[in-house]
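The values are calculated or read from the model by the stated rules, or taken from the named source; none is laboratory data. Worth saying up front: this structure is predicted, and the values here are computed from it rather than measured. When we count neighbours, we look across all protein chains shown, and the Cβ atoms used for this are built from the backbone with ideal geometry, even at glycine. Remember, those area values only see protein heavy atoms, side chains included, never the ligands or the DNA or RNA. Shrake-Rupley method; radii C 1.70, N 1.55, O 1.52, S 1.80 Å.
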Amino acid sequence: VNNPCVLLTQDDARALIASSKPSDKYDFFVRATRLKEMKENLQGIQANIDRASRNMELEDKKHSRHHEKFRQAEAEYEACKHITEMDKKLMELRQKLYWATILEKEREIEGKREVLAYLDKRR
């Protein structure tokens, strides 16, 4: 048993009470109430809390950096997405231009055929 009060014999108790040194009485009190043990436990807990706080701060900084990288990547993605949409639009416009050119050439050919047919009739 760790509690000195439990193991204190009658002679030891008499000697402790008769002791004129306050430091002996205080030492006994500290051992009996386990104050030293509790103090050490609390100091260990505080050290763990401090260590956890430092770790949280470091992780928060890492999180902030990763979040910023994510934002940058997201912005780049949106820019690329916009470029892809613009490429699609450009392709559509090129196709329209191609067909418009074909229609224009067909009209020119038709006009020339009409002129040839007119000229053939006059001969």
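Cβ-Cβ contacts under 6 Å between residues 6 or more apart (or on different chains), taken from a first residue in the range 19-37 that is farther than 19 Å from THR9 by Cβ to a second residue that is open to solvent by less than 100 Å² (accessible area, probe 1.4 Å), are listed as LYS36/VAL30.
Quick check: anything in the range 61-81 of a type in the set (A, V, I, L, M) and either open to solvent by 90 Å² or more (accessible area, probe 1.4 Å) or over 43 Å from the mean Cα position of the chain (by Cα) (or both)? I'd like the intermediate steps shown before the answer.
Narrowing the range 61-81 to residues of a type in the set (A, V, I, L, M): 73, 75, 79.
Of the ones still in play, those that are also either open to solvent by 90 Å² or more (accessible area, probe 1.4 Å) or over 43 Å from the mean Cα position of the chain (by Cα) (or both) are none.
No, the conditions are met nowhere in the range 61-81.
Tell me, please, whether a residue that is at pLDDT below 95, assigned to a helix (DSSP H, G or I) and among the aliphatic types (A, V, I, L, M) can be found in the range 95-114. Scanning the range 95-114, I find no residue that is at pLDDT below 95, assigned to a helix (DSSP H, G or I) and among the aliphatic types (A, V, I, L, M), so the answer is no.
Against the conditions (1) of a type in the set (A, V, I, L, M); (2) within 34 Å of the chain's Cα centre (by Cα); (3) open to solvent by less than 100 Å² (accessible area, probe 1.4 Å), ILE109 satisfies every one except (2). Kindly provide the set of residues from the range 5-64 that are part of a helix (DSSP H, G or I), β-branched (Val, Ile, Thr) and at pLDDT below 80, ordered by number. Once the filter is applied, which keeps residues that are part of a helix (DSSP H, G or I), β-branched (Val, Ile, Thr) and at pLDDT below 80, the range 5-64 yields VAL6, ILE17, VAL30, THR33.
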